[in-house]
Every structure is written in C-alpha cells, then in structure tokens.
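Before any comments, here is the structure.
The values are calculated or read from the model by the stated rules, or taken from the named source; none is laboratory data. Since the model is a prediction, treat every value here as computed from it, not as a measurement. Because the Cβ atoms are built from the backbone with ideal geometry, glycine has one as well, and the counts that use them run over all protein chains shown. Each accessible area value is taken on the protein alone, full model and side chains, heavy atoms only, with ligands, DNA and RNA left out. Shrake-Rupley method; radii C 1.70, N 1.55, O 1.52, S 1.80 Å.
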Amino acid sequence: MPTDSILSTARQFLGVDPTIPVTLEPIKRGASGRTIVRIKSPIHEPFIGVHWTDERADNKQFVPVAQFLKKCRLRVPEILHDSTKRRVALVEDLGNLDLLSLKDRPFAERLPYYRSAFEQVDKLFYAKPPKDFELMPPFDAALYRWEQNYFIEYLVEEFLGMDAAPLKSDPAFAALAERLGTASKHLVHRDFQSQNLLIKDDEVYLIDFQGLRRGRQEYDLASLIFDPYLDHSADEREQLLALWEDIADERPETTLFHQCAAQRLMQALGAYGNIVRNRGDEWYRPHISTAAKLLREVTVGTDLEKPLAPYLAAIP
C-alpha cells in the first residue's frame with residue numbers, strides 16, 4: 001500500500017519506534033499515479049509524503065527535478081529524504097494556500113503573487129541543466145499533436161460523445177503543432193496553473209514540476225493567464241501581460257501567445273473530460289465550459305475557429 005510505504009519511510013527518517021504516533025492526512029490533488037499526504041508527529045514539524053507509481057513516466061522525475069531547481073535558486077519545496085526503492089519522497093510542507101485559494105480576493109490584492117510567480121518563470125528561462133540531466137521529452141510537434149489527440153479522445157469523443165473525424169482530418173491542427181514545435185530551447189514547467197503555485201511567506205513556490213522539459217516559455221505564461229480555474233477577464237489578462245513585460249522587458253507576440261493558449265486549453269479540456277468521465281470527479285465539470293469559452297476567444301479569426309465551433313457549442 002502506498003500509505004504503508006510512506007509511513008515506513010517517515011518513521012525511518014524520524015528515527016522513531018512504533019510507540020511514537022505518526023499520522024498521515026490525505027491531500028487531494030489531481031496528480032495521476034501519486035499518493036500525497038501530510039505527515040504529523042510530536043517530534044517534527046509537519047512535512048509531506050509522496051508515493052508514486054509508473055502510471056506516468058514523469059513521476060520518477062520529481063526528486064531530481066526538485067533538487068535541480070533548488071540549485072538554480074527557484075522556489076520549490078526542499079526534499080527532506082527520499083527512498084527510490086519505496087518510490088517515496090518526504091518533502092517540505094509549504095501549507096495549503098495556493099493561488100486558486102485567493103480567487104475571490106480583489107485582483108489588485110493578488111497581483112503581487114502573480115509577480116512572484118512570473119519571476120519564477122523568468123528565472124526558469126535562464127536555468128541550465130547539466131548535459132547528462134534527464135528531462136522529459138521536449139515539446140515538439142509530436143507532443144503537441146499528442147495533446148490535441150488527448151483533447152479529441154477525452155473531451156470530444158468520450159465526454160461529448162461526438163464524431164471527431166472532422167477534427168482528426170483537419171490540417172489546421174497539425175500545422176499548429178508544427179509551428180509551435182519549431183523551437184524548444186528553454187525549460188518550461190508544463191503545468192503552470194493556479195493549483196500548482198503555493199504561497200508561503202508571501203512568496204510563490206512551484207510544485208508538480210516533474211514534467212519539466214524544454215519548450216516555449218509562452219506555453220507556461222498562457223497556462224496561468226488563461227487558467228480556466230481563475231477565468232481572468234480581458235482587463236486582468238492585460239494587467240498580467242503588462243506585469244510580465246515589467247519583469248522580462250518584453251511581452252509575448254500576440255499570435256504566438258494565443259496559439260500557445262489554444263494548445264494549452266485543448267490539453268486542459270482533454271484532462272477535464274477524462275477526469276469527469278472516467279474518474280467521476282465533478283469538481284472539474286464547471287471548468288469545462290470556462291475553458292471552452294477561453295478557447296473560443298483565442299481562436300477567433302484563426303484556422304481553428306471553424307473546425308472547433310460545433311464542438312465548443314455543444315459544451316453546456
């Protein structure tokens with residue numbers, strides 16, 4: 001059992017005998033193939049236990065990526081102890097406050113946290129892993145096509161129950177993948193959204209970074225600025241772009257930025273459809289309509305608008 005492995009590893013780390021109580025509190029997150037708990041004992045401040053399986057190839061990357069990012073002085077949780085044999089990592093507890101938790105606060109009050117988050121993306125841009133450091137495969141045309149097919153399979157076919165043949169044969173999607181896949185020099189988080197941005201001491205920390213790979217920085221920016229969980233208004237998105245420009249001295253080119261947003265939103269819709277349909281987690285259902293609205297917005301006037309229209313219109 002994953003919790004047994006976490007508990008055994010925690011007791012070994014703490015150096016306690018069975019008479020000392022150690023409790024595990026589940027932390028519910030959407031990560032596939034991982035069990036995440038908060039560990040409490042009377043002799044140590046709380047910390048996080050993570051157990052992973054081979055269900056996703058990136059799960060085993062969590063510890064080495066965390067250590068690499070820490071060396072690059074990005075804000076990530078510290079690895080306290082890890083056991084490759086048990087597939088367990090014990091990690092610094094950053095608390096429960098994430099950027100999504102602040103959604104109902106005034107936007108002006110939240111802006112400093114976005115600045116803190118964007119500073120991490122900017123720093124990631126300059127991070128240089130050793131030549132022998134193992135990363136997940138880069139964002140190339142094939143991976144972008146995989147994301148598109150994920151959207152087609154889980155959102156269009158399974159969630160909506162619609163015929164996806166017109167999408168599969170439309171050349172606009174392959175063309176988008178080819179355009180975005182021409183450059184993949186810099187590191188990207190790959191899931192840079194509000195639930196993966198924890199706040200501690202008024203600074204944003206990155207989590208769920210095991211999918212780190214080379215790709216387009218605009219993909220990370222689009223993931224947060226067009227985050228369906230937050231559903232930023234057009235004015236808020238403009239403020240975020242201005243904030244990014246203040247940090248990086250430039251803003252993304254609009255067409256490319258919207259193409260990255262469209263790609264990311266298709267990936268998110270595929271994930272939401274899969275989770276609602278196959279895992280029965282209804283928390284994600286309302287975010288499907290939000291993501292569809294945003295996807296419709298960023299594809300207006302593009303080659304994707306017409307083929308996507310009947311499917312996005314079918315989303316309640």
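A few comments on the model shown:
- Taken over the range 233-260, residues that are of a type outside the set (D, E, K, R) and either open to solvent by 80 Å² or more (accessible area, probe 1.4 Å) or over 17 Å from Tyr113 (Cα atoms) (or both) amount to 10.
- Among residues of the range 129-149, those that are outside any helix (DSSP H, G or I) and not aromatic (Phe, Trp, Tyr), counted: 10
- A Cβ distance below 6 Å, combined with a sequence gap of six or more or placement on separate chains, defines the contacts here; from the range 148-172, residues that are modelled with pLDDT of 95 or more reach residues that are of a type in the set (S, T, N, Q) and in a helix (DSSP H, G or I) in the pairs Tyr154/Asn274.
- Selection within the range 81-117 - more than 18 Å from the chain's Cα centre (by Cα), in a loop (DSSP other than H, G, I, E, B) and closer than 26 Å to Glu245 by Cα: Asp104, Arg105, Pro106
- For the range 182-199, filtered to residues that are at pLDDT below 95 and touching a Phe, Trp or Tyr at 6+ places or on another chain (Cβ under 7 Å), the residue that is farthest from Leu94 (Cα to Cα) is Ser184.
- The lone exception for Arg34 - which of (1) farther than 18 Å from Asp191 by Cα; (2) within 29 Å of the chain's Cα centre (by Cα) it fails: (1)
- Candidates Pro112, Pro106, filtered to the one that is in contact (Cβ under 8 Å) with a residue 24 or more places away in the chain and open to solvent by 50 Å² or more (accessible area, probe 1.4 Å): Pro112
- Counted residues, the range 85-103 - those being hydrophobic (A, V, I, L, M, F, W, C) and either closer than 17 Å to Asp202 by Cβ or surrounded by fewer than 16 Cβ atoms within 10 Å (Cβ to Cβ) (or both): 5
- Residue within the range 83-90 that is free of Cβ contacts under 8 Å to residues at least 24 places away in the same chain and polar (S, T, N, Q) present: yes
- Listed by position, the strands (runs of 3 or more DSSP E) enclosed by the range 20-80 include none that has at least 3 residues that are on the phi < 0 side of the Ramachandran plot, polar (S, T, N, Q) and out of contact with any His (no Cβ under 9 Å at 6 or more places or on another chain).
- Single residue of the range 12-39 satisfying the filter (at pLDDT 95 or above and among the charged types (D, E, K, R)) that is surrounded by the fewest Cβ atoms within 10 Å (Cβ to Cβ): Glu25
- The residues of the range 136-156 include none that are open to solvent by 30 Å² or more (accessible area, probe 1.4 Å), within 14 Å of Arg264 (Cβ to Cβ) and among the charged types (D, E, K, R).
- Of the residues making up the range 159-183, those that are open to solvent by less than 60 Å² (accessible area, probe 1.4 Å) and either under 20 Å from Ala57 (Cα atoms) or of a type in the set (Asp, Glu) (or both) number 1.
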